[in-house]
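First up is the structure itself, then whatever we jot down about it.
The values are calculated or read from the model by the stated rules, or taken from the named source; none is laboratory data. Since the model is a prediction, treat every value here as computed from it, not as a measurement. We place every Cβ from the backbone using ideal geometry, glycine too, and count neighbours over all the protein chains shown.
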Ligand SMILES: Nc1nc2c(ncn2[C@@H]2O[C@H](COP(=O)(O)OP(=O)(O)O)[C@@H](O)[C@H]2O)c(=O)[nH]1
Ligand SMILES: [Mg+2]
């Protein structure tokens, strides 16, 4: 790492430590009840953006100011190092106020009806007095403009409710980037007083594995139908679900939905439940009419009621935090390795040698890693 970057890191660390020490003070000053102006989509754009300080962000979020929450999320999403440092300070201050929400993930293939489901469920929850944040992770929406299969990403009704906050995924990020931003956005929303966080993600592979690592409860929506029609969804995804709901179980679909339910229930019978002490069940629902949604939410509440006292949820979150920490370390180590100028100059030769069968892959890897390590044992290894 060069000197500049090292200095940067030290100063960030110093500030974070100071922040951790003073966050208790900040919290007691700003723990007033939140005000809930219009939803993000409705609030009028700020005339001219003023720079906000860390304290402005912390105070605004603790007071439930959505404009500031939205700006803090933008800060968290930013790629700039300066923004990242500030975002981390804000998060560090807010950490004591996080963790109190129900974190529920909802997945399923594009078109299964996730957004329609969330809109109905969201309105129901808000009616019951809950403060709801909806975060959507949709790697396909940036490519297709969100228009696949009558996609309803906008959730018009929910958007208009003051107690709901909807934030779509930032586009153009890697999966790791999306997962990180969503996790941090979730923490910001919790600190802002949202008691329920719904995360919608498209069931297309790696994304729901990343989502599973963010949430307590994982709901999988499937389409009516059975056998091979089954959904183009990977088997492993069913294993991660705490509840499987056959959606669109309305009108002519009813019989097919019942068949799908039986199929799924039989398949689940042989699988380990995703959460110990919580059998994964299969239910029918229709997000469009709302049929079955109150019952599904009852199950989510039962999940918390039964598993929270047993420490199951806290354990899951601890494991998620540690997995997250180790992911970050792995990612950063990998990044540093591939950006190391000495590795760069050595890599292609090693690749060729492996391809020609002149050296084993293990020895080539060892040699490259040794090159990288050398430049760190002396403190001024070049990094580009
Ligand atoms: N019949 C029926 N159609 C639905 C239901 N839920 C959603 N749809 C329709 O399915 C399409 C895709 O819904 P959407 O919520 O955007 O799916 P997503 O891609 O999973 O978010 C839309 O045309 C919806 O109107 C349902 O419960 N029953
Ligand atoms: Mg959708």
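Between 349, 353, the distinction of being surrounded by fewer than 16 Cβ atoms within 10 Å (Cβ to Cβ) and assigned to a helix (DSSP H, G or I) belongs to 349 only. With respect to the conditions (1) touching a strand residue (DSSP E or B) at 6+ places or on another chain (Cβ under 8 Å); (2) more than 30 Å from residue 174 (Cα to Cα), residue 336 falls short on a single one, namely (2).
Determine if segment 262-280 includes at least one residue that is touching a strand residue (DSSP E or B) at 6+ places or on another chain (Cβ under 6 Å) and surrounded by 12 or more Cβ atoms within 10 Å (Cβ to Cβ). Walk me through it before giving the result.
Of segment 262-280, the ones touching a strand residue (DSSP E or B) at 6+ places or on another chain (Cβ under 6 Å) are 264-265.
After this cut, where a residue has to be surrounded by 12 or more Cβ atoms within 10 Å (Cβ to Cβ) as well, the list is 264-265.
Yes; the residues of segment 262-280 include at least one that is touching a strand residue (DSSP E or B) at 6+ places or on another chain (Cβ under 6 Å) and surrounded by 12 or more Cβ atoms within 10 Å (Cβ to Cβ).
Is it fair to say residue 330 is outside the structural domain of residue 180 (by TED's automatic domain parsing), over 27 Å from residue 175 (Cα atoms) and surrounded by 11 or more Cβ atoms within 10 Å (Cβ to Cβ)? Answer is no for this residue. Whenever a residue of segment 342-358 is in contact (Cβ under 8 Å) with a residue 24 or more places away in the chain, its partners that are surrounded by fewer than 16 Cβ atoms within 10 Å (Cβ to Cβ) and in a loop (DSSP other than H, G, I, E, B), lying with C-beta atoms within less than 9 angstrom and at least six residues away or across chains, give the pairs 342/382; 344/384. Please work out which residue is nearest to residue 66 (Cα to Cα), limiting yourself to segment 113-148 and to residues that are within 9 Å of ligand 2 (Cβ to nearest atom) and at pLDDT below 90. That would be 136.
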